[in-house]
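Some notes on the structure that comes next.
The values are calculated or read from the model by the stated rules, or taken from the named source; none is laboratory data. All values reported here derive from a predicted model rather than from experimental measurement. Every residue, glycine as well, gets a Cβ built from its backbone with ideal geometry; the counts of neighbours run over all protein chains shown. Just so you know, the surface numbers come from the protein's heavy atoms only, side chains and all, with ligands and any DNA or RNA stripped out. Shrake-Rupley method; radii C 1.70, N 1.55, O 1.52, S 1.80 Å.
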Amino acid sequence: MPFYHKLGKIPPKRHTQFKKPNGDFYYEQLFGTIGFDGMSTNSYHEQRPTQVKDIIKQYSVAPKIAKVNNMQSYRLHGFKTKPENDYLESRKIVLTNSDCHIILAAPKESTKDYFYKNTDADELIFIHKGTGKLRTHLGNLDFKYGDYLLIPRGVIYKLDFDTEDNRLFIVESRRPIYTPKRYRNWFGQLLEHSPFCERDLRQPQELETYNESGEFLIKIKKQGDIFDMVYASHPFDVVGYDGYNYPYAFSIHDFEPITGRVHQPPPVHQTFETDAFVVCSFVPRLYDYHPLAVPAPYNHSNIDSDEVLYYVDGDFMSRNDIAAGHISLHPAGIPHGPHPGAMERSIGKVKTDELAVMVDTFKPLQVTEEAMKIADEDYYKSWLSLS
Ligand SMILES: [Fe+2]
């Protein structure tokens, strides 16, 4: 997060004595990224955050790859991913490379019996269906339809859902996820041409603090394995923190689209960046207003990035037979574009109500066995006819 946030109680100066009313010490933790060069937060704990009691299990959650090298366009029926009770078990990696996993999840139950921490990756969770509360050791965030939840690596969290009907689109990123640098000035403030501003980014406001000893299971992800580690103190025991490294939320409905006289390219929809992929938000907007404008996108050859579109809501102007919950994968190396008839259909239209999330990866994506379970194998021929 590129701006400062303070929550709870902190001492006036960092790395100085900070005492409880009874005279005992609070324990400070520097929670940083990229060594000591990246975003960091100083948090103050009721107990030492280092008290590992046991490591009871280690198991792999690495994806099984169906296609290592892929040149085929796919449509995945995301809503065919089966709901499962447990949050972590419900996460199905459908596309992957060494920089990121793209995941579909339909968890029915809140995380109750354990806490979760991903040390491999930042997690970007897009809420397609469901409401609830993200609870973390650095404070809580309410979520609803259309929210992106950005959870930096190392944040300990739980997800509380209000109902069993939840659909999540998740990107796990081994590279830190930031808002685009070109939207920010040299101090990090979002500039006037940015499609969102600091007011749209929701910071944690509610800190849960438990000073409890016992046995607390944290499922920790590292190098594609989950380690079931038991801690002797409650993971949510922070009384206060300040800094730049904390989870936050941003609603896709707060993304203000940039439009033009002629078709604007995908970068105007950019919402997040890493040095390995970008995330764009396609939101309801007015179409191009040149008298001879063609609102549908032109054919384009994304020669060096795989393009993943997750369709959320509305009418997808450039595609035939695409519905909410679908994913399209257009691999690098071959051109793709509007489906037959879509370009002609778009002429004279003044607005679109489409809502979609796009992930463009710079390295090719591998297709997993989970993806093949919900894949439309013939999609790659869909530019041939009006089918
Ligand atoms: Fe495209």
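Descriptive notes on the structure:
- Looking across the stretch 239-270, the residues that are of a type outside the set (A, V, I, L, M) and within 16 Å of the ligand (Cβ to nearest atom) come down to HIS263, GLN264, PRO265, PRO266, PRO267, HIS269, GLN270.
- Restricting attention to the stretch 308-327, the residues that are surrounded by fewer than 15 Cβ atoms within 10 Å (Cβ to Cβ) and over 18 Å from LEU168 (Cβ atoms) total 2.
- Some residue of the stretch 277-292 being out of contact with any Phe, Trp or Tyr (no Cβ under 6 Å at 6 or more places or on another chain) and of a type in the set (S, T, N, Q): no
For every residue, the table says whether it meets (1) outside any strand (DSSP E or B); (2) within 12 Å of the ligand (Cβ to nearest atom).
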{"position": "ASP275", "(1), (2)": "yes, no"}
{"position": "ASP288", "(1), (2)": "yes, no"}
{"position": "PRO297", "(1), (2)": "yes, yes"}
{"position": "VAL308", "(1), (2)": "no, yes"}
{"position": "ILE334", "(1), (2)": "yes, yes"}
{"position": "GLU344", "(1), (2)": "yes, no"}
{"position": "ALA356", "(1), (2)": "no, yes"}
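- Qualifying position, being among the hydrophobic types (A, V, I, L, M, F, W, C) and without any contact (Cβ under 8 Å) to a residue 60 or more places away in the chain, among PHE227, PHE187, PHE196: PHE187
- Test: residue in the stretch 264-274 that is closer than 30 Å to GLN29 by Cα, acidic (Asp, Glu) and either at pLDDT below 95 or touching a helix residue (DSSP H, G or I) at 6+ places or on another chain (Cβ under 8 Å) (or both): yes
- Tallying residues that are more than 16 Å from the ligand (Cβ to nearest atom) and either at pLDDT below 90 or not in a loop (DSSP other than H, G, I, E, B) (or both) within the stretch 315-324 yields 2.
- Within the stretch 358-387, residues that are closer than 15 Å to GLY78 by Cβ sit with their Cβ atoms under 6 Å from residues that are assigned to a loop (DSSP other than H, G, I, E, B), at 6+ positions apart or across chains, in these pairs: VAL367/ASN70; THR368/PRO63; TYR379/SER73.
- Members of the stretch 260-297 that are under 25 Å from the mean Cα position of the chain (by Cα) and of a type in the set (Ser, Thr, Tyr): THR271, THR274, SER281
- Counted as qualifying within the stretch 28-126 are the strands (runs of 3 or more DSSP E) with 3 or more residues that are surrounded by fewer than 18 Cβ atoms within 10 Å (Cβ to Cβ) and of a type in the set (A, V, I, L, M), namely 52-60.
- Filter result for HIS330 (within 13 Å of the ligand (Cβ to nearest atom), open to solvent by less than 30 Å² (accessible area, probe 1.4 Å) and either touching a residue at least 12 places away in the same chain (Cβ under 8 Å) or touching a strand residue (DSSP E or B) at 6+ places or on another chain (Cβ under 7 Å) (or both)): yes
- For beta carbons closer than 6 Å, sequence separation of 6+ or different chains, a first residue in the stretch 247-275 that is closer than 29 Å to THR33 by Cα and open to solvent by 10 Å² or more (accessible area, probe 1.4 Å) and a second that is at pLDDT below 95 and of a type in the set (Lys, Arg), the qualifying pairs are THR274/ARG175; ASP275/ARG175.
- Any hit, the stretch 280-302, residues being closer than 25 Å to LEU384 by Cα, at pLDDT below 95, loosely packed, with under 14 Cβ neighbours inside 10 Å and not hydroxyl-bearing (Ser, Thr, Tyr): yes
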